[in-house]
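To keep things clear, I will list the structure first and then write my remarks on it.
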Amino acid sequence: MEIDRRAFIASLGGTAAVGLMDSEAKADALEHWMEDQLDQQAAAQGTPEKFPTVAELEAQIETRNYRRGAGNVFVNTRGNVKKLAPMPKNPTLQDFFRLRFAPANHVLQSATRALKPGMSEDIILACLLHDCAQALMKADHGWWGAQLFEPYIPEKSTFGIRYHQTLRFYADAEAGYEYPDLYYRIFGQDYVPPPHIEATYKMLRNHKWYMEPRLVTVNDLYAFDPNAKVSIEPFEDIIGRHFKTPKEGLGNDNSPSAHMWRTLANPDAPL
Amino acid sequence: MRKGFLTVSFVACLAAIAAGQASKPTHYKGLEVTPLSIERTQNVPLLDCPPGSNTQRGNARAGEEFAVVTLAFKVTPAFKETVIKRPVLTDVNGKSYNTSVAIIDPGSLPEYKCSFPFRVPAGTKVVSVAIDTATLDLAALSK
């Protein structure tokens, strides 16, 4: 497959953003970009995509030397992991974005989409943070993300992050959310969400804050543009207003999730 | 013979007028909006309006299809930056359908085309699409 180098670099936020990425992150980004390009080509040719079944995906488990649910900082799907840049002494959210969540293009796109039509700052913040916990853990990332950020952000933002994971499985035409074919691809075309997700969905349908996670999913769906140019700058004020940055730095503040930040800061700790 | 010819001509004229009306622009908050086409499909790209290159796609379920309405937008000097509601499709029975595509940053380009997929029961006949108070007639384009 021919690689459009310029388009690929632009998709990551430009040469400056690429410069901050280690080789592992660049390789992962390239893999995702190529997958997306192939999907687009297939779609443009009108070729109906054949999605895998749950059984076919399960059959792939023992072909890998990692588990799909492991966080990005722990896994290199192409070889050895690389040494991570050290975190500053008192790390802030922006430091984690730069040194552990980068390129973070998807969450920045999602938050940008929430910002443009003037959604609430609680929603914009939730969109900005909704997938960041995937650096730590992909499986159940909504719950992990909510737990990671809960001590520092508004309750509605936490609610949006926790439950967007559930609502991603359920289309809502009223709110403008389609079930994505990405989920046919990664969960299987015959996938049925487990009982705890079904139960959570039923709870959410009757919850007064239903629209918080729903709007996160709506912006999530439209934030996979490989050519989008985004940065964290437009969100500095919102972070300043709503993210309670501890003066000791994230991980050093003895909050209920401080250990999670420390794990992100130093995922090479043997114990 | 002549009467038959006149009747055919009259019907042809009516069809032409109807087609002309369907592609007649409607003005809304400084945007000139013209309906271009309606297509039916099972799988659609999910692109905001104006469209970028989002890679996500939506799939219709059994018994459903997407009625994809393509609209042309022209930003006139009267346009001021504002939030534009998502279009709503109405069928021949008056039932309305939402789209997942949102109009984001409508003033970012002078002219653009956007395709809005509406998930409808297969074979649904549609009559119009509305953006807030502006209604665009689709009858002549409807298949």
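Computed quantities for the displayed model
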| quantity | calculated |
| --- | --- |
| Criterion violated by A:Lys247 - all others in (1) basic (Lys, Arg); (2) within 14 Å of chain B (Cβ to nearest Cβ); (3) in a loop (DSSP other than H, G, I, E, B) satisfied | (2) |
| Meets criteria (within 25 Å of A:Asp181 (Cα to Cα), aliphatic (A, V, I, L, M), out of contact with any His (no Cβ under 6 Å at 6 or more places or on another chain) and touching a residue at least 12 places away in the same chain (Cβ under 8 Å)) for B:Ile84 | no |
| Given (1) in contact with a Gly (Cβ under 6 Å, 6 or more places away or on another chain); (2) over 15 Å from A:Cys127 (Cα atoms), number of the condition A:His207 does not satisfy | (1) |
| Wholly enclosed helices (runs of 4 or more DSSP H) of region A:12-118 bearing at least 2 residues buried (at least 19 other Cβ atoms within 10 Å of the Cβ) and at pLDDT 90 or above | A:93-96, A:105-115 |
| Matching option when the condition is aromatic (Phe, Trp, Tyr), surrounded by 22 or more Cβ atoms within 10 Å (Cβ to Cβ) and within 14 Å of chain B (Cβ to nearest Cβ), among A:Tyr170, A:Tyr163, A:Tyr177, A:Tyr184 | A:Tyr177 |
| Qualifying residue in region B:82-89 (condition: within 12 Å of the chain's Cα centre (by Cα), charged (D, E, K, R), closer than 30 Å to A:Ser120 by Cβ and in a loop (DSSP other than H, G, I, E, B)) | yes |
| Residue match in region B:97-111 (condition: assigned to a strand (DSSP E or B), more than 10 Å from chain A (Cβ to nearest Cβ) and at pLDDT below 95) | no |
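So that you can scan it fast, the table gives a plain yes or no per residue for (1) hydrophobic (A, V, I, L, M, F, W, C); (2) within 14 Å of chain B (Cβ to nearest Cβ); (3) surrounded by fewer than 14 Cβ atoms within 10 Å (Cβ to Cβ); (4) assigned to a loop (DSSP other than H, G, I, E, B):
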{"site": "A:Pro193", "(1), (2), (3), (4)": "no, no, no, yes"}
{"site": "A:Ile197", "(1), (2), (3), (4)": "yes, no, no, no"}
{"site": "A:Leu204", "(1), (2), (3), (4)": "yes, no, no, no"}
{"site": "A:Lys208", "(1), (2), (3), (4)": "no, no, yes, yes"}
{"site": "A:Asp225", "(1), (2), (3), (4)": "no, yes, no, yes"}
{"site": "A:Val230", "(1), (2), (3), (4)": "yes, yes, no, yes"}
{"site": "A:Ile238", "(1), (2), (3), (4)": "yes, no, no, no"}
{"site": "A:Gly251", "(1), (2), (3), (4)": "no, no, no, yes"}
{"site": "A:Asp268", "(1), (2), (3), (4)": "no, no, yes, yes"}
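The values are calculated or read from the model by the stated rules, or taken from the named source; none is laboratory data. Only a predicted model underlies this, so the values are computations on that prediction, with no experimental measurement involved. Cβ sites come from the backbone with ideal geometry, for glycine too, and all protein chains shown count toward neighbours.
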